[in-house]
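To keep things clear, I will list the structure first and then write my remarks on it.
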Amino acid sequence: MKKSVLRVGASMLVLSLVGVACGGSDDSSADACEGNSKIAFFGALTGEAGNLGINIKKGLDLAVAQHNEANPDAQIDVEAYDSQGDPDQAPALADKAIADACVKGIVGPAFSGESAAVNAKFQEAGLPLITPSATNPDLSKNGWDVFHRALAGDDKQGPGAAARIVADGKTKVGVVDDNSEYGKGLADIVQTSLGDKAVELNSLDPEASDYSAVITAAKDAGVDAVFFGGYYAAAGKLAKQMADAGVTAQFYSGDGTLDVGFIEAAGPAAEGAILTCTCAPKDSNPEFLKAFQDANKGEDPATYAAEAYDAASVFLAAIKDGKTSRGDILSFINSYDAAGVTKQLNWDEAGEVTGSAVYAYEIKDGAIKGLGLIK
Amino acid sequence: MPDWLIIRTFWELTVTGLALGSIYALVALGYTLVYGVLRLINFAHSEIFMVGTFGALLASSQFLSIPLLEDGNYPYRTGMTLIIFLVFIMLIAMLFSGIGAVVLERVAYRPLRGNGDAFGAVVLAFLTAFIVSLVFVDQAKINVIIALLATTPISYAYLRFFKQGRKAPRLAFLISAIGASTAISEAVGVWSKHGRDQYQTPRLLEKKTLFTMFGTDVRIDYAIVIVGALLMMIALTLFVNKTRLGRGVRAVAQDAETSRILGVNVDLIIIVTFALGGVMAGGAAMLFTLVYDQTRFNIGFILGVKSFTAAVLGGIGNLKGALLGGLLLGLVENYGSAIFGGQWKDVIAFVVLLVVLMFRPTGLLGESLGKARV
């Protein structure tokens, strides 16, 4: 009896300590913001497609650093919410971002799956967001006032990719996706645009290691091209295993694959792959290119960095204009119309940006090389 | 014969299915051995496999310093160099997994068995002190020092309150297993050089076609995986059936208490069991990197679930069952995805498991590691 009393006492002690620990870290619930305003990055910095998020964060960091240098009295902080690109982890982080009164705007959510999972929360909280990368076309059809996209959606990219595939003279295209919001959405649009030239190869599990079932089906169908809708890690595995299995079909994919991670994962099999993106090539704005290189030890801006820079610039312009509440910043964005480094930044009711350029890229000699506009 | 995808591609699906199935089977052996001896489902075994793939990665890229690419192509090796390198990589992978499995047993399970209390108390005391100190200081080095200082008094207190020799309930083992699994994979995800990114392993073996069977090219790496897995399984069966330690394993599987009375060192046998499972997982890990050239901190998860399924399918606790279950699962997955489409792969695997368990609740071959005839 005595022992069990002791044990209960010990567990209560532990519980109360845990309670103290939680209470201690919970200081963000204050209503008003004390300290610097923040622009938040929301997306994957680690995980299966973390490189893409890192690119975005670098673009955001550059914009904020430039702002802070020019405005010593109005410093802005960058807060990063690393969702690992996982729609299951995103909601808790979104709550955290919403609860932090200093967070005035979100650059992100980076991917379409997590966007679908959390944008309604941001809408409810009135927290404005500009995604530099989530391209699923359905995202702008939810009536979210807070939603803005700094590049054209997959309803533009898909037909562009299909046009490029057809222009390359391919007649039998295997279409496969990773079953993600983004990958499946894009693959379906490409398939529809290709019409009877498409052969549906269904979905694969991006976390799995063995894609032989899909590859066997591609081989059997005798495709001369394969389009993959998904992110670079799975794309790399697929391209490599295709080459190993003796499939010579030309490999195509979208913006989720446009990363050096694809080249690392696929090795020599990446060579010659053609990737599309509605994002601007790194050299489309020489001034931005130089600023980025200076800030990142000569490194070139990668996929979405310029779009993230644009997105951040809009928030910074709002703050500089004296807007402090989330609501004021949102109406500032909705009426914004100025040139960014990638395009004219001006959003319609749904949050789609004007301009719909689709660019093609090729993997050549182990590097990403721009091929220019499609069409 | 109808012109279906599965019929047109039957032999190709068979070869790739058998190769993946062989890897399932090797990993399934670890689940089956531990279950047979301890009646414990070692859910952290999937991470032992993952540790093995990282062992293989270290062996090839660090110990042998082979780059991922040489002049834009794979760093192929040939002849004796290739064989020696592959054997070396396999041994290192087995070493990593084997040691990993033994450490896992020591840390996660033995304290719960009621005869590793002092060690368990020290570990627990350290962790408690570390976590509590995090509340006050947020600097890893200082936390570790505080925790080290506090370990002695706290572990003394633990030992006073929780007397030695008491066995934890069965559920505690399961929770410990799941906890260990998460801890190992997250530790690699957080602390390894590229964290949660995918790691590429250097490709030494050129994936040439070895021979053609029924109009299907059989690649050399698939052949090595299938033959290698079979050889390892034969070696394991011989070990369990013919050696003194193997007899000990069977004895403890039958009745641990009686074996203890008859002079079997039960703790040693349990360590041997974990080590055997670990070595098999290490072999599987090397064969896996041979085919897929990559690994990740969470690579064990899906593969572990599949291998566990294979073990249950064949009859958990039964070595031959693990082989049968693994190969069958690999084949069924491949055939199924040809019939229903790739996204149904996992559904098919588990539906087959359900159907088999409905009619044969102990799996295809039944549970038998403990039976007199193995």
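The values are calculated or read from the model by the stated rules, or taken from the named source; none is laboratory data. What you are looking at is a predicted structure, and each value in this text was computed from that prediction instead of being measured. Virtual Cβ from ideal backbone geometry, glycine too; neighbours counted across all protein chains shown.
Which residue, of B:Val51, B:Val34, is over 25 Å from B:Ile224 (Cα atoms), among the hydrophobic types (A, V, I, L, M, F, W, C) and buried (at least 24 other Cβ atoms within 10 Å of the Cβ)?
On the way: B:Val51 fails: over 25 Å from B:Ile224 (Cα atoms).
Answer to the selection: B:Val34.
Tell me which of these B:Ile99 doesn't satisfy, since it passes every other one: (1) away from chain A (no Cβ under 14 Å); (2) surrounded by fewer than 16 Cβ atoms within 10 Å (Cβ to Cβ).
Among (1) away from chain A (no Cβ under 14 Å); (2) surrounded by fewer than 16 Cβ atoms within 10 Å (Cβ to Cβ), B:Ile99 violates only (2).
Going residue by residue through the range A:197-214, is there one that turns out to be in a helix (DSSP H, G or I), of a type in the set (Val, Ile, Thr), free of Cβ contacts under 8 Å to residues at least 60 places away in the same chain and within 12 Å of chain B (Cβ to nearest Cβ)?
Yes, the range A:197-214 contains a residue that is in a helix (DSSP H, G or I), of a type in the set (Val, Ile, Thr), free of Cβ contacts under 8 Å to residues at least 60 places away in the same chain and within 12 Å of chain B (Cβ to nearest Cβ).
Which residue out of B:Ala322, B:Ala349, B:Ala338 is within 11 Å of chain A (Cβ to nearest Cβ) and in contact (Cβ under 8 Å) with a residue 12 or more places away in the chain?
On the way: B:Ala322 fails: within 11 Å of chain A (Cβ to nearest Cβ); B:Ala349 fails: within 11 Å of chain A (Cβ to nearest Cβ).
Matching residue, one of B:Ala322, B:Ala349, B:Ala338: B:Ala338.
So B:Trp191 fits all but one of (1) of a type in the set (A, V, I, L, M, F, W, C); (2) farther than 30 Å from B:Ser61 by Cβ; (3) under 31 Å from the mean Cα position of the chain (by Cα); what number is the exception?
(2)
Can you tell me which of (1) closer than 18 Å to A:Thr135 by Cβ; (2) exposed (fewer than 15 other Cβ atoms within 10 Å of the Cβ) is the one A:Ala338 doesn't meet?
All conditions are met except number (1).
Can you list residue pairs whose Cβ atoms sit under 7 Å apart, with the first residue in the range B:120-140 being within 14 Å of another protein chain (Cβ to nearest Cβ) and buried (at least 17 other Cβ atoms within 10 Å of the Cβ) and the second being assigned to a helix (DSSP H, G or I) and small (Gly, Ala, Ser)? Count only pairs 6 or more apart in sequence or on different chains.
B:Ala121/B:Ser155; B:Ala125/B:Ser155; B:Ala129/B:Ala147; B:Ala129/B:Ala150; B:Phe130/B:Ala147; B:Ser133/B:Ala147
Condition test on B:Gly195, is it more than 13 Å from every other protein chain (Cβ to nearest Cβ), at pLDDT below 85 and outside any helix (DSSP H, G or I)? Spell out how you get there, then give the answer.
Values: more than 13 Å from every other protein chain (Cβ to nearest Cβ): no; at pLDDT below 85: yes; outside any helix (DSSP H, G or I): yes.
Criteria not met by B:Gly195.
Residue check, A:Leu151 against (1) buried (at least 24 other Cβ atoms within 10 Å of the Cβ); (2) part of a loop (DSSP other than H, G, I, E, B); (3) free of Cβ contacts under 8 Å to residues at least 60 places away in the same chain, all met but one. Which one?
Only one criterion is unmet by A:Leu151, namely (3).
Is it the case, given these coordinates, that B:Thr216 is within 12 Å of another protein chain (Cβ to nearest Cβ) and at pLDDT below 90? It would help to see each step written out before you state the result.
Working: within 12 Å of another protein chain (Cβ to nearest Cβ): yes; at pLDDT below 90: yes.
When the stated conditions are applied, B:Thr216 passes them.
Quick check on this structure: which one of B:Val15, B:Val27 is within 14 Å of chain A (Cβ to nearest Cβ), surrounded by fewer than 24 Cβ atoms within 10 Å (Cβ to Cβ) and either not in a helix (DSSP H, G or I) or not aromatic (Phe, Trp, Tyr) (or both)?
Numbers: B:Val27 fails: surrounded by fewer than 24 Cβ atoms within 10 Å (Cβ to Cβ).
Testing whether each residue is within 14 Å of chain A (Cβ to nearest Cβ), surrounded by fewer than 24 Cβ atoms within 10 Å (Cβ to Cβ) and either not in a helix (DSSP H, G or I) or not aromatic (Phe, Trp, Tyr) (or both) leaves just B:Val15.
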